[in-house]
Amino acid sequence: MNALNKAKALSWQQISNLVMNQYKEPDWVNGKTTSQATLRLFGQLESNVRVTLFRDHHAWCPYCQKVWLFLEEKKIPYKVRKVTMFCYGTKEAWYKKICPSGMLPALELDGKIITESDRILASLESEFGPLHMSFNQAKVVELRKLERALFQYWCRWLCYPSRNQSDEEISEQEFMQVAKVVDSALAATPGPFFLEEFSVVDCVFVPYVERMNASLYYYKGFTLRGNPELPNLTRWFEALETRDTYLGTQSDFHTHCHDLPPQMGGCYQNNTEAQLECESRVNSCTDFTLPEHGAPEPDNSKIFAAARVLKFKDYITKVNPIDDEKLDEGLRCSLTYMLTGEKVYPPQGCDAGLRYLKQRINVPRDMPIWSARRLREALELTASLAGPAQAEALPTEHRKDQNPTNFGK
């Protein structure tokens, strides 16, 4: 019998002891930007809070991210109330009373409800001052129009099926033409951002350019970040990842690529050799060389991932399609590997269940990118020891397999 056959999974108590000896609860209120926070004070008194941000439970909505970044960069004290996005489930009745349209984000400022992200930013600027340059200054307005043009050509390429290869090539060329204009706009400043320093313009560009980077790689085999024809966009991504405000809101390729179809009404792959390879790399969840994230791995990435599993393990087990006992042991085998490096044979039949969980880790809702990478890697490696069975495919019409009510904190 080899060493792998002899190895045993840690018990939940052993895992808890190992994690809690190293885990330090983050300061959700005054510390680094995090999706877990429901109150942000930045060292100020709670009595100073004039703002409540209504955003999605999954910390994924692009328009919410734009406002979220602005609040964090300006260090405006605010509360958070989390709301279900339509494709994740039923909109809360209490929110429909506040905002009958149900749209996100919404902001309450001194008791007044404001909707639509651009109106929200303008209102915040009016009360708390601009983020480097006014939202309505001519240069900012020009760059905001450029962001909308890039968005338009991305949607045209991604969300509409091409009739033939010629159509596909035209869509790529049109997108690339506008992307080069964006790259030139970045080149016009001495630093890596759209203006002389990080500004409201970067808040506007971040959400959808981040999603373009993920979706075009996965569905079109196209590299945005790292493209030699777009060096300033690459430099921009790298500069963003030096900011804790961005790292706390940043999502990853796997989350974006599988959350976009129900939000966008469909995403169409081109089935080229390059595209199929990129799709496979993202779905494997074991390739850390994807052009999605370049920040170094934090020392506590594995510990944080394990702490999140410990917090939600009962719910994770409840919703998983396989037998509870098999999943329990398979999950402990996965965490044993992630925390100790020791591979443990899981029970036969847990492979599909581990892959089900692997596919449904959301960034940044559940944990930051590096923690998600390490947990997904451990789940896949352990599943591969059990067998080749795959989980039920992720839905493309909705994401109601992701009940948000269990991830409130």
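The values are calculated or read from the model by the stated rules, or taken from the named source; none is laboratory data. Computed from a predicted model, the values in this text were never measured in an experiment. With ideal geometry, Cβ positions are generated from the backbone for all residues, glycine too; neighbour counts draw on all protein chains shown.
Can you pull out the residues in region 1-19 that are in contact (Cβ under 8 Å) with a residue 12 or more places away in the chain and either outside the structural domain of Lys343 (by TED's automatic domain parsing) or in a helix (DSSP H, G or I) (or both)? If the condition is that a residue be in contact (Cβ under 8 Å) with a residue 12 or more places away in the chain and either outside the structural domain of Lys343 (by TED's automatic domain parsing) or in a helix (DSSP H, G or I) (or both), then Leu4, Asn5, Trp12, Ile15, Ser16, Leu18, Val19 are the ones that fit. Across region 62-83, the qualifying residues are those that are touching a residue at least 60 places away in the same chain (Cβ under 8 Å) and in contact with a Lys or Arg (Cβ under 7 Å, 6 or more places away or on another chain), and the one among them that is farthest from Ser134 (Cα to Cα) is Lys82. A Cβ distance below 7 Å, combined with a sequence gap of six or more or placement on separate chains, defines the contacts here; from region 154-178, residues that are closer than 17 Å to Leu224 by Cβ and among the hydrophobic types (A, V, I, L, M, F, W, C) reach residues that are modelled with pLDDT under 95 and not in a helix (DSSP H, G or I) in the pairs Cys159/Gly265; Cys159/Gly266.
The helices (runs of 4 or more DSSP H) located wholly in region 227-305 that include 3 or more residues which are outside the structural domain of Pro368 (by TED's automatic domain parsing) and either aromatic (Phe, Trp, Tyr) or closer than 15 Å to Asn362 by Cα (or both) occupy 244-249, 253-264.
Tallying residues that are within 16 Å of Val209 (Cβ to Cβ) and touching a Leu at 6+ places or on another chain (Cβ under 9 Å) within region 248-258 yields 4. One residue alone among Phe222, Phe175 is in contact with a Lys or Arg (Cβ under 8 Å, 6 or more places away or on another chain) and outside the structural domain of Trp68 (by TED's automatic domain parsing), and that residue is Phe175. Exactly one residue out of Ala9, Ala37, Ala59 is on the phi > 0 side of the Ramachandran plot and buried (at least 20 other Cβ atoms within 10 Å of the Cβ): that is Ala59.
For Phe193, the conditions (1) within 18 Å of His132 (Cβ to Cβ); (2) buried (at least 23 other Cβ atoms within 10 Å of the Cβ); (3) more than 20 Å from the chain's Cα centre (by Cα) all hold with the exception of (2).
So for region 113-126 (the condition being in contact with an Asp or Glu (Cβ under 8 Å, 6 or more places away or on another chain) and in contact (Cβ under 8 Å) with a residue 40 or more places away in the chain), does at least one residue qualify? No, because not a single residue in region 113-126 is in contact with an Asp or Glu (Cβ under 8 Å, 6 or more places away or on another chain) and in contact (Cβ under 8 Å) with a residue 40 or more places away in the chain. Report yes if Val363 is of a type in the set (Val, Ile, Thr), surrounded by fewer than 24 Cβ atoms within 10 Å (Cβ to Cβ) and either out of contact with any strand residue (DSSP E or B) (no Cβ under 7 Å at 6 or more places or on another chain) or closer than 10 Å to Ser334 by Cβ (or both), otherwise no. Considered against the rule, which asks whether it is of a type in the set (Val, Ile, Thr), surrounded by fewer than 24 Cβ atoms within 10 Å (Cβ to Cβ) and either out of contact with any strand residue (DSSP E or B) (no Cβ under 7 Å at 6 or more places or on another chain) or closer than 10 Å to Ser334 by Cβ (or both), Val363 comes out as no. What do you reckon, is Asp351 at pLDDT below 95 and acidic (Asp, Glu)? No; evaluated as a whole, the condition is false for this residue. Total residues in region 306-319 satisfying the condition of being at pLDDT 95 or above and either of a type in the set (Asp, Glu) or assigned to a loop (DSSP other than H, G, I, E, B) (or both): the figure is 0. Checked against the criteria, Thr52 does not count as within 21 Å of Ile303 (Cα to Cα) and modelled with pLDDT of 95 or more.
Against the criterion of being in contact with a strand residue (DSSP E or B) (Cβ under 6 Å, 6 or more places away or on another chain) and either more than 21 Å from Asp259 (Cα to Cα) or at pLDDT below 95 (or both), Glu108 qualifies.
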